[in-house]
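Below is one structure, written out as structure tokens, with a few remarks after it.
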Amino acid sequence: MESGLDYHSARALLEWQIELGATDAIADAPIDRFALPDKAPKVKKPTAAEPAKKPESVDATAAAQQAAKAAGSLTDLRTAMDAFDLCDLKRGARQLVFADGTPGARVMIIGEAPGRDEDREGKPFVGRAGQLLDRMLAAIELDRRKDVYITNVLPWRPPQNRDPKPEEIGMMKPFLERHVALAKPEVLVVMGNISCQAVLGKRGITRLRGQWDQALSLPVIPMIHPAYLLRQPQMKRQAWADLLELKARLGAGS
Ligand code: URA
């Protein structure tokens with residue numbers, strides 16, 4: 001082996017990385033770290049006559065607000081989000097996960113953040129939780145492709161699917177708000193605690209689920225996240241009640 005590692009050591013190192021949670025090699029091309037210089041390049045020390053430059057601090061939330069406000073359509077918004085470089089999650093993700101379904105549908109579903117499958121496919125809710133979501137919608141005669149519009153609070157996959165940080169949510173919220181304004185749904189469904197917190201400013205999904213609230217000038221219903229239902233199937237009874245509540249609201253408004 002060129003690196004000097006034998007098969008068993010290389011395999012043990014790989015298994016160790018997988019155990020730590022590595023799921024993907026994210027560089028476009030493999031990096032031969034053995035060929036890299038041993039020492040970090042020398043940084044020229046600033047002299048007294050030439051003081052160290054302070055990195056300019058950028059207000060990421062203000063930048064997001066400006067970019068979101070300037071977007072006049074969903075296509076513009078997608079482009080603006082794709083070009084937004086101030087959220088670190090972007091660097092660890094394969095691609096932007098913007099939305100799926102039909103813009104302008106009566107129901108807009110807001111999930112938390114992409115997972116591995118969504119990151120790969122570039123669409124929200126396509127993994128196991130997404131498949132359960134499709135079945136939940138079908139149970140109240142909603143077709144995922146045409147009757148709903150689906151997005152997430154965060155458009156990039158957090159590393160190892162960790163919970164999004166409050167500062168990441170705060171930074172990306174202007175985009176979410178603009179997304180809702182441009183998609184013009186009649187009602188919002190917020191899936192899980194993270195989305196509930198981001199949209200309604202409240203946590204406690206098992207208490208809040210199924211009760212209509214108001215945010216972003218729209219009626220909002222919090223629901224249990226399908227990923228949670230996969231782990232806690234006994235909660236499906238409550239999820240079913242919430243789906244019926246949504247169905248009744250749509251029926252009353254049509
Ligand atoms: N969970 C979410 O909240 N969103 C997705 O897109 C996938 C899983």
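Stretch ALA12-ALA241 to full length: gain in nm at 0.36 nm per residue minus the Cα-Cα span? Please report the intermediate quantities before stating the final value.
Details: separation 229, 0.36 × 229 = 82.44 nm, distance 4.87 nm.
Extending this stretch completely gives an extra 77.6 nm.
Apply 1/(1 + (r/R0)^6) to the Cβ-Cβ distance of ARG120 and ASP59, taking R0 = 41 Å, and write down the FRET efficiency to the nearest 0.05.
Numbers: r = 32 Å, r/R0 = 0.79.
Computed FRET efficiency for ARG120 and ASP59: 0.80.
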Run the simple label-point estimate for ARG207 and ALA139 please: 7 Å along Cα→C-beta, distance reported in nm.
2.5
What are the principal axis extents of the Cα atoms in segment 102-168, in Å, biggest first?
35, 22, 17
Debye log10 I(q)/I(0) at q = 0.14, 0.16, 0.19, 0.26 Å⁻¹ for segment 161-208, Cα point scatterers:
-0.37, -0.49, -0.67, -1.09
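What are the semi-axes of the equivalent ellipsoid of segment 71-216, taken as the square roots of 5 times the eigenvalues of the Cα gyration tensor, listed largest first and rounded to whole Å? Mind showing how you got there, number by number?
On the way: eigenvalues 89, 59, 54 Å².
So the equivalent ellipsoid measures 21, 17, 16 Å along its semi-axes.
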State log₁₀ I(q)/I(0) for segment 65-116 at q = 0.13, 0.15, 0.19, 0.22 Å⁻¹ as given by the Debye formula over alpha-carbon point scatterers of equal weight, solvent excluded.
-0.38, -0.50, -0.80, -1.03
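I'd like the FRET efficiency for ARG231 and ARG91, computed as 1/(1 + (r/R0)^6) with the beta carbon distance as r and R0 of 35 Å, rounded to 0.05. Intermediate values should be presented prior to the final figure.
Values: r = 29 Å, r/R0 = 0.84.
It comes out at approximately 0.75.
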With all distinct Cα pairs included, what does the Kirkwood hydrodynamic radius of segment 146-237 come out to in Å, to one decimal, could you say?
13.9
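Which pairs, out of LYS123/LYS165; LYS184/LYS236; LYS69/LYS146; LYS69/LYS184; LYS173/LYS202; LYS146/LYS247, put more than 18 Å between their alpha-carbon atoms?
On the way: LYS123/LYS165 21 Å; LYS184/LYS236 29 Å; LYS69/LYS146 27 Å; LYS69/LYS184 15 Å; LYS173/LYS202 15 Å; LYS146/LYS247 16 Å.
Over 18 Å Cα-Cα: LYS123/LYS165; LYS184/LYS236; LYS69/LYS146.
What do you get for trypsin sites (Lys or Arg not before Pro) in segment 107-146 restricted to DSSP loop and a cutoff of at most 15 other Cβ within 10 Å of the site's Cβ? Before the final figure, lay out each step's value.
Values: sites: ARG116, ARG120, ARG128, ARG135, ARG144, ARG145, LYS146; in loops: ARG144, ARG145, LYS146.
Loop-located and lightly packed - ARG145, LYS146.
Every number in this text was worked out from the coordinates using simple rules, so none of it is lab data. What you see is a predicted model; the values in this text were computed from it and never measured. Because the Cβ atoms are built from the backbone with ideal geometry, glycine has one as well, and the counts that use them run over all protein chains shown.
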